[in-house]
1. Provide the per residue accessible area, probe 1.4 Å, for the chain, rounded to a whole number of square angstrom.
2. What is the spread of the Cα atoms of region 217-373 along each of their three principal axes, largest first, in whole Å?
3. Express in nm, to one decimal, how much length is gained between ILE271 and ILE2 on full extension, taking 0.36 nm for each residue of separation and deducting their alpha carbon distance.
4. Taking region 89-132, how much of its Cα-Cα pair set, in percent, is spaced more than 15 angstrom apart?
5. Express in nm, to one decimal, how much length is gained between SER12 and LYS36 on full extension, taking 0.36 nm for each residue of separation and deducting their alpha carbon distance.
6. What's the long-distance tail for region 31-168, i.e. % of Cα pairs beyond 27 Å?
7. Stretch SER175-GLU58 to full length: gain in nm at 0.36 nm per residue minus the Cα-Cα span?
8. Mean 1/r over all different Cα pairs, inverted: what Kirkwood radius does the chain give, in Å?
Amino acid sequence: MIIREAITEKQSVVFYLDNSPDCSGLEQIDVSGYQKCIVICDEYLEKTWWPILREKLEKRINISHVEYLSASESSKSLESYVKLVDILAKFQCSRDDLIVAVGGGTILDVAAFLASTYMRGIAMLMLPTTLIGQADASTAGKTCLNAGYSKNLLGTLYLPAYVYNNAAILNTNSSYDLRQGFSEIFKYALLGSHKLLILLKEYNRTPDNDKLLEIIKETIKVRMMIRKKDPLASNFGHTFGHAFEKYSDFAVGHGDAIAVGIAMALELSVIKKIISEKLKNEIFSLMRELKLNNKVEKGIDPEKITEIMLKDKKSSNTAIRLVLIEDIAKPFETSGSPFYSVNPTYMQNFLSEILHNEMYFQKNHWAELRKGI
C-alpha cells in the first residue's frame, strides 16, 4: 500500500505500508538515485531488525556507515547532534546522499533534525520500528531536539522523502511500547476521526496486522490534515504531557504522559464549559477500554509543572496555550486559532486541585507503568 502526501509542491512524502515478515516491501522504494547513505539506528536493533532491513536496503544503495544510538532522550541533545554532524562530514555526505533513520520516535526525531539542517536539507528515508514511530514521529515532518527546561524546544519542519511502515515489525514491540503508540493514535482520533476510534476498538477486541495497517493509514491521513492547518495543532494533551515528562526526568513514557495530559485537558475543558461532563466521561471510558494511562506519580509539584508549561513552544511569557477539543473529531478554535490560552496562576490553582485528587495520582506510578517493557 502506498500513500502520497504533500504539504506544498516542494514538501511531499511517500508512505509505504507493508505486512511482510521479511520486510520485502522495502525493496519497492527506489533510492538508487542517491550516491550513498548514512544510517542512524537504534542500538537495540543492531542484532534484531536491522540485519533484515539492511539486506533489503543494500540491494538499492551503498551503505557508507551505520551509527548506533541509544533510544533515550539523551540522544536528542545538542551534544549528540554535533557528533552526528561530524560523522556526516567525515564521510563526505552531500545533498546527493541519503540519511536513513531506523528506530522509534527518539531516533527519528534526532535523525530528522540532522537531515533538515545538514547542508540546509538532505533527503531522508525513515524506517520506524515502533508504533509511535509509524503513527506519529514519521508522519508530519516535525523534527526536534531537547534543550534547557523544555522537551522538543529546538525543531524544524522537514518531511522525509520516504517512510516504510511494516506492521510485522510491530509484533515484536512490548506492550509498553504499543501503549505509547496507541496513546498518540487515540489523540488523533479525538482530534479528527470517528473512524479511527472505531478501528481502535475493533483492534482492541481482535488484534491483527491488517487492522493495524488500517489504523496507521487513517492516523497518517488525520495527522497530515492537521499538519496542513498548523504544525502545532496536533498537540492535544502535550502541554501537560511534556511537562510531566520533563518533571519526571523522562521516567514516564511519552505516550503515557500524553494520555494523562489528555485527561487533564478534558477536566479543564469541563470547568471552562468547552465540553460537557458527559463527553468527558465517555472519553474516559474509552481510555479505560483501551488501557491507556490516566494517572500521574504521587507528589508532583503544581508550581514546577506550571513553570515548565510556560516554556512550551506554544506558550507565551504570560499565557499557557493548549490544544483542546469541543467534541470528538472537532478541535477547539477561537478567532481562527487552534489554541486556548490559560493564565499561569489559574493553571497552577487548577493543577493544585487536580493533582491532589486521588483519582489522578498513585504512588510509584511511573515505575508501575514501565513494567510492561
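The values are calculated or read from the model by the stated rules, or taken from the named source; none is laboratory data. All of these numbers come straight from a predicted model, not from anything done at the bench. Methodologically, a virtual Cβ is constructed for each residue, glycine included, from the backbone with ideal geometry; neighbour enumeration extends over all protein chains shown. Ligands, DNA and RNA are stripped out before the accessible areas are found, and what is left, the full protein with its side chains, is counted by its heavy atoms. Shrake-Rupley method; radii C 1.70, N 1.55, O 1.52, S 1.80 Å.
1. Dividing the accessible area of the chain by its residue count gives 42 Å².
2. 41, 38, 30 Å, listed from the longest principal axis down.
3. Working it through step by step, the gained length comes to 92.5 nm.
4. 40 percent
5. Taking 0.36 nm per residue and subtracting the Cα distance, the gain is 6.5 nm.
6. 10 percent
7. 39.0 nm
8. 20.9 Å
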